[in-house]
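Student: Submitted below is the structure of interest, expressed as structure tokens.
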Amino acid sequence: MRVLVTGAAGFIGSHVAEAMRAAGHEVRGFDSLDPAVHSGKPRYIPNDTDFTVGDVRDPAAVDRALDGADAVCHQAAMVGLGVDLSDLPAYTDVNVTGTAVLLAAMGRRGVRRLVLASSMVVYGEGAYDCAADGRVRPLPRAAADLEAGVFEPRCPECGDVLTTSTVTEDAPLDPRNAYATSKVAQEHLAANWARLTGGSAVALRYHNVYGPRMPRDTPYSGVAAIFRSCLENGMPPRVFEDGGQCRDFVHVRDVAACNLAALGAAARGGELCAYNVASGSPHTVGEMASALAAGFGGQIEPKVTGEYRLGDVRHIVASPEAASRDLGFAARVGFTEGMAEFARAQLRDPAGAAGA
Ligand code: UD1
């Protein structure tokens, strides 16, 4: 297949492009090489790659890039979480308008397959059960509870602390920031496109992706990159709360393999299918800090600080069952092995530094 990979210079997009090429697909990379993110074309992109510099919001650039394509794997996005309302226009412009421009051009060009990078942030919260009330949506965690070291969320019915369970794709969507809202909008736009064109659209809801080429610590970094940067600077990773908060850390090569599986799957035309992309082996943030510190040489011990960030989700772990059933996807990189590699892997330098 001839596949256009948007965001092909980025952390996940570059691995996706590599996996597609290794599987024998003809890949065209497309990336804006935003100077806020990249200083030029990254060295990890092979010289013989068909690569177009362009912005997904530019209809003419997108139209040219789609020439001859059979499918699109849409990874280009403004990432991070967004801090406050002032972030809304930029996330909406890049992620929502950009996706709309891309889908309209795919419609004109008759491209009928789409794999869309989505995120677990569309759920807002993890899944929780109450001993008395069953499956419930938790109350936002109160500062007084967090201050007192009560980190588990409470039941909206009886106030008891809840236990966590796995999120499935039918969980309600509850985007809580500019980035999450833009990912939900992308999914809805892709569903519109599929209905109107009869095309097949697969949304992959990535959990906590980590691995080589992850950007170094920035204000928008996820916890794995932050801890890795602490270790490099000789500082202990600071583990917030009691370190018992759960996430599913999924390796970027597994995420790339899932994109490949989604591209090849016999997806139904006319609708969007969404899948969790997760390892299926959740770990606490404390365990992740320890595994990373051990992989880094074991001289620096993580520090559990009891700090908290209001609005942080306590646990979010996924069932990867649907992706396994429909796409034949199963993560292959184990947690210990993946973290040991990540502890020493090459990260992407911030823009301005060589090799970004
Ligand atoms: C992260 C991403 C989100 C992405 C999702 C899936 C960010 C900020 N968040 O959400 O965009 O869609 O993964 O890939 O990019 N923590 C510490 N110490 C620190 C920093 C954080 O203990 O120095 C803890 C936090 O309190 C939290 C957990 O680590 O409990 C995860 O934090 P983080 O990676 O920022 O956010 P996610 O909610 O997992």
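Since every read-out is calculated from the coordinates, none of them should be taken as a lab result. Note that the structure is a prediction, hence the values are computed from the model and not measured. Note that each Cβ is placed from the backbone with ideal geometry, even for glycine, and that neighbours are counted across all protein chains shown.
Student: If you place +1 on the Cβ of every Lys and Arg and -1 on the Cβ of every Asp and Glu, how big does the dipole about the Cα centre of segment 266-335 come out, in debye to the nearest 20?
Tutor: 80
Student: Does anyone have the angle between helix 252-264 and the longest principal axis of the chain? Alpha-carbon axes, 0 to 90°, nearest 10?
Tutor: The two axes meet at around 50 degrees.
Student: Rg(Cα) of segment 206-290 divided by 2.2 N^0.38 Å?
Tutor: 1.32
Student: Further question on the same structure: Which shape class applies to segment 275-322: rounded if a/c is under 1.5, otherwise prolate when a/b exceeds b/c and oblate if not, where a ≥ b ≥ c are the square roots of the Cα gyration tensor eigenvalues?
Tutor: Oblate.
Student: Quote to one decimal, in nm, the extra length available between Glu232 and Gln346 on full extension: 0.36 nm per residue of separation minus the C-alpha distance between them.
Tutor: So the extension gain works out to 39.9 nm.
Student: Here is a further query. Show that you can apply the helix-only estimate: for the chain, add -39,500 (n - 2.57) for every DSSP H stretch of four or more residues, divide by all residues, and state [θ] at 222 nm to the nearest 500.
Tutor: -9000 deg cm²/dmol
Student: Let me ask something additional. Working out 0.36 nm times the residue gap between Asp84 and Leu196, then minus their Cα-Cα distance, what length gain in nm do you get to one decimal?
Tutor: Fully extending the segment from Asp84 to Leu196 adds 36.9 nm.
Student: Ok, one more. According to the Cα gyration tensor, what semi-axes, each the square root of 5 times an eigenvalue, does the equivalent ellipsoid of the chain have, listed from largest to smallest in whole Å?
Tutor: Over the Cα atoms of the chain, the ellipsoid semi-axes are 33, 25, 18 Å.
Student: Among Lys183, Lys303, Lys41, which comes first, second and so on when ranked by fewest other beta-carbon atoms within 10 Å?
Tutor: Taking fewest neighbouring Cβ atoms as first place, the list is Lys303, Lys41, Lys183.
Student: As I understand it, the value is the acute angle between the Cα axis of helix 11-22 and the longest principal axis of the Cα atoms of the chain; what does it come to in degrees, rounded to 10?
Tutor: 50
Student: Once the other residues with Cβ under 13 Å from the Cβ of Gly159 are scored (Lys, Arg +1; Asp, Glu -1), what is the net sum?
Tutor: Summing Lys and Arg as +1 and Asp and Glu as -1 gives -3.
Student: Hey, quick one: spin label on Asp160, modelled 7 Å out along Cα-Cβ, who in segment 117-139 has an amide N within reach, i.e. under 16 Å?
Tutor: It comes to 128-139, nothing else.
Student: In segment 169-224, if the dipole is taken from +1 on Lys/Arg beta carbons and -1 on Asp/Glu beta carbons about the Cα centre, which of Ala194, Ser182, Ser221 is farthest to the positive end?
Tutor: The residue sitting farthest along the positive end of the dipole is Ser221.
Student: Sequence gap at least 6, Cα distance under 8 Å: using those rules, report the relative contact order of the chain to the nearest whole percent.
Tutor: Relative CO of the chain lands at 20 percent.
Student: Helix 98-109 versus the longest principal axis of the chain: what is the Cα-based angle in degrees, 0 to 90, to the nearest 10?
Tutor: So the inclination is approximately 30 degrees.
Student: Lys/Arg Cβ at +1, Asp/Glu Cβ at -1, dipole of segment 215-270 taken about the Cα centre: which of Asn259, Leu231, Phe249 is farthest positive-ward?
Tutor: Most positive-ward Cα: Asn259.
Student: With each pseudo-label sitting 7 Å past Cα toward Cβ, what's the Asp67-Ala266 distance in nm, one decimal?
Tutor: Here the modelled spin labels are 3.6 nm apart.
Student: Hey, how much of the P(r) for segment 46-112 falls beyond 14 Å, as a percent of Cα pairs?
Tutor: Result for the distance tail: 62 percent.
Student: Also, I was wondering about something else. Per q in 0.10, 0.13, 0.16 Å⁻¹, report the Debye log10 I(q)/I(0) for segment 213-349, using one uniform scatterer on each alpha carbon and no solvent.
Tutor: -0.38, -0.61, -0.87
Student: A further question follows. Which distance in Å, rounded to a whole number, links the C-alpha centroids of segment 260-333 and segment 168-240?
Tutor: Going from one Cα centre to the other spans 10 Å.
Student: Assigning unit charges at the beta carbon (Lys, Arg +1; Asp, Glu -1) and nothing else, what dipole magnitude in debye, to the nearest 20, does the chain show about its Cα centre?
Tutor: 960
Student: Let me ask you something else. If you count, for each residue, the other Cβ atoms within 10 Å and average over each peptide, how do 257-265, 43-51 line up from highest to lowest?
Tutor: By packing density, highest mean first, the sequence is 257-265, 43-51.
Student: Let me ask something additional. How big is segment 1-133 by the Kirkwood estimate over distinct Cα pairs, in Å?
Tutor: Across segment 1-133, the inverse of the average 1/r is 15.9 Å.
Student: Taking Cα centroids, how far is segment 92-167 from segment 1-79 in Å?
Tutor: So the separation of the two Cα centres works out to 28 Å.
Student: Given the C-alpha atoms of segment 84-202, compute the convex hull and give its volume per residue in Å³.
Tutor: 119
Student: Suppose R0 equals 25 Å. What FRET efficiency, 1/(1 + (r/R0)^6) with r the Cβ-Cβ distance, do Arg43 and Gln299 give to the nearest 0.05?
Tutor: 0.25
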